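Student: If you scroll down you'll find the structure; I have some questions about it.
The values are calculated or read from the model by the stated rules, or taken from the named source; none is laboratory data. This is a predicted model, so every value here is computed, not measured. Cβ: placed from backbone, ideal geometry, glycine included. Neighbour counts: every protein chain shown.
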Amino acid sequence: MEQYVIKGGAKLQGEVDISGAKNAALALIAAAIMTEDKVTITNLPDVRDINVLIESIQDIGAIVDRVDRNQVVIDGSKISSVTVDYEFIKKIRASYYLLGALLGRFNKAEVALPGGCDIGTRPIDQHIKGFNALGARVMIEHGMIKTKADELIGSHIYMDVVSVGATINVMLAAALANGRTVIENAAKEPHVVDVANMLNSMGANIKGAGTDVIRIKGVESLHGTEYAVIPDQIEAGTFMFAAAATRGNVLLKNVIPKHLEAISSKLLEIGCTIEEYDDAVRVIGNDNLRSTHVKTLPYPGYPTDMQPQIAVTLAVSRGTSIVTESIFENRFKYVAELVRMGANIKVEGNTAIINGVDELTGAEVSAPDLRAGAALVIAGLAAKGFTVVDDIIYIQRGYENFEVKLQKLGACIEKVNSEQEVAKFKLKVG
Ligand code: EPZ
């Protein structure tokens, strides 16, 4: 089982290139199978979730040419099945985007029902409500969601909760429905906009993505395109907090600063310096970081996917901070691990009360999920001594070359596969 071993204490310094956004790319891959033409996707992050989704579309007959690590050409002309197996959905929930994509193109789809996951129960009622509104019947049988329509017909849909997944899934199906669809109370995340942009470049007619009302005029068919995935806001934010927590100075390249505003403003509040350029952001930490309060919210609010990373930074900042998680009910599992590293954090319901400490001390900890895993790595980088992070398979789901990018910034971190390798690392770095 692979682990990260870290010797903390180095201030991160230098430049890091941010990869394409995993959560955008997942939906773009699903959108790519909605045409018989070839779709080229560039700036694709080479991470586990993406690679599993690619396998799942290959399994139903798509031909995928991996031109290089970050570019694929997807040819959906030979898709022969509309049934996506549990084997894929259990590894990656976002395979449920294939529901909207297949329903739009073939008027039917069968995808295994995702269960809860490491961060919450994650219902999909809003996806189903949207498909129903478009005229599709949806049944749950033998662990599968089966959906079918004689014809998809545009509709007016009000989302009861702001959901990235439901907004994207309904947008995918509605792109090829007959007539006009309006999605109200839509999610406004950058990746919702990215999916609309790619669909429009394939001939769809989608307006308003990025606002809370999306208007879709269904078209008969979609055609091929070449499209570059937007930069990953969450990967960027993770490096921003890594820079802050280690009191470093890091320039993040290939980012859209506007997408990072909620993160940048929290870093400013706690005393970091932020420099913004056209497509880069510099974060400069210092020894006098202070507390703040933060509540996770849908975009443009502070992202839930950045909650563990800010909590780690606040754990080593002066004063008492309050972090409130309002999106997922089970996203504080990492706190117990941080406490083992000397953090002073108490969780009450959906709130973490953090009393900053002077320093953390290295320990062996386990990544409970993707973002919390990345946050534990930040904790290890900021801590005194050695930290071993287990279960890094979670981190590999969403961060391309994480340890390599950190090493380039001067972090003392290695990916290891055995106790012997941990011992060797400790001997080497002293
Ligand atoms: C997306 O998940 C992201 N995943 C998550 O990133 C991210 O945490 C989340 O959005 C919130 O920003 C992908 O894009 C693949 P939601 P998603 O539907 O779409 C409730 C990561 O670490 N809800 O916006 O599943 C839901 O329970 C991952 O990269 C319903 O009640 O999230 C939650 O409380 C983890 N009914 C809220 O809405 C529904 O039908 C927002 O969830 C759907 C959602």
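Student: Which condition does residue 177 not pass, out of (1) farther than 18 Å from residue 123 by Cβ; (2) crowded, with 23+ Cβ neighbours inside 10 Å; (3) within 16 Å of the ligand (Cβ to nearest atom), if it passes all the others?
Tutor: With (1) farther than 18 Å from residue 123 by Cβ; (2) crowded, with 23+ Cβ neighbours inside 10 Å; (3) within 16 Å of the ligand (Cβ to nearest atom) applied to residue 177, the lone miss is (3).
Student: Output the residues belonging to the range 334-372 that are hydroxyl-bearing (Ser, Thr, Tyr) and over 27 Å from the mean Cα position of the chain (by Cα).
Tutor: Of everything in the range 334-372, just one residue is hydroxyl-bearing (Ser, Thr, Tyr) and over 27 Å from the mean Cα position of the chain (by Cα), namely 361.
Student: So which of 118, 150, 85 is within 26 Å of residue 20 (Cα to Cα) and charged (D, E, K, R)?
Tutor: Numbers: 150 fails: within 26 Å of residue 20 (Cα to Cα); 85 fails: within 26 Å of residue 20 (Cα to Cα).
Sole residue among the options that is within 26 Å of residue 20 (Cα to Cα) and charged (D, E, K, R): 118.
Student: Taking residue 337, is it assigned to a loop (DSSP other than H, G, I, E, B) and in contact with a strand residue (DSSP E or B) (Cβ under 9 Å, 6 or more places away or on another chain)?
Tutor: Criteria not met by residue 337.
Student: Within 16 Å of the ligand (Cβ to nearest atom), touching a residue at least 40 places away in the same chain (Cβ under 8 Å) and not aliphatic (A, V, I, L, M): is that true of residue 86 in this structure?
Tutor: no
Student: Something else now. Taking only the range 328-350 into account, find how many residues are surrounded by fewer than 22 Cβ atoms within 10 Å (Cβ to Cβ) and within 16 Å of the ligand (Cβ to nearest atom).
Tutor: Residues that pass the stated criteria total 6.
Student: A follow-up question, please. Surrounded by fewer than 22 Cβ atoms within 10 Å (Cβ to Cβ), among the small types (Gly, Ala, Ser) and in contact with a Gly (Cβ under 6 Å, 6 or more places away or on another chain) - does that describe any residue in the range 151-159?
Tutor: Within the range 151-159, the first condition is being surrounded by fewer than 22 Cβ atoms within 10 Å (Cβ to Cβ), and the residues that meet it are 151, 153-156, 158-159.
Checking the rest, the ones that are also among the small types (Gly, Ala, Ser) come to 154-155.
Now restrict to residues that are in contact with a Gly (Cβ under 6 Å, 6 or more places away or on another chain): 154.
Yes, some residue in the range 151-159 is surrounded by fewer than 22 Cβ atoms within 10 Å (Cβ to Cβ), among the small types (Gly, Ala, Ser) and in contact with a Gly (Cβ under 6 Å, 6 or more places away or on another chain).
Here is a yes/no grid of residues against (1) in contact (Cβ under 8 Å) with a residue 40 or more places away in the chain; (2) of a type in the set (S, T, N, Q):
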site: 372; (1), (2): yes, no
site: 375; (1), (2): yes, no
site: 387; (1), (2): yes, yes
site: 398; (1), (2): yes, no
site: 407; (1), (2): no, yes
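Student: Anything in the range 358-416 that is buried (at least 20 other Cβ atoms within 10 Å of the Cβ) and of a type in the set (Phe, Trp, Tyr)? List them, or say none.
Tutor: Residues satisfying the conditions are 394, 399, 402.
Student: Determine if the range 127-145 includes at least one residue that is away from the ligand (no atom under 16 Å from the Cβ), within 23 Å of residue 205 (Cβ to Cβ) and either at pLDDT below 95 or not in a loop (DSSP other than H, G, I, E, B) (or both).
Tutor: No; the residues of the range 127-145 include none that is away from the ligand (no atom under 16 Å from the Cβ), within 23 Å of residue 205 (Cβ to Cβ) and either at pLDDT below 95 or not in a loop (DSSP other than H, G, I, E, B) (or both).
Student: Just the residues that are within 16 Å of the ligand (Cβ to nearest atom), touching a residue at least 60 places away in the same chain (Cβ under 8 Å) and closer than 24 Å to residue 171 by Cβ, please, taken from the range 42-68.
Tutor: Those that are within 16 Å of the ligand (Cβ to nearest atom), touching a residue at least 60 places away in the same chain (Cβ under 8 Å) and closer than 24 Å to residue 171 by Cβ: 44, 45, 47, 49.
Student: In addition: Any residue at all in the range 91-101 that is more than 15 Å from the ligand (Cβ to nearest atom) and touching a residue at least 24 places away in the same chain (Cβ under 8 Å)? Don't jump to the end; show me each part of the working.
Tutor: First, the residues of the range 91-101 that are more than 15 Å from the ligand (Cβ to nearest atom): none.
For the range 91-101, residues more than 15 Å from the ligand (Cβ to nearest atom) and touching a residue at least 24 places away in the same chain (Cβ under 8 Å): absent.
Student: Let me ask something additional. Give the residue that is farthest from the chain's Cα centre (by Cα), with candidates limited to residues of the range 34-74 that are buried (at least 17 other Cβ atoms within 10 Å of the Cβ) and basic (Lys, Arg).
Tutor: Only one residue tops the list, namely 38.
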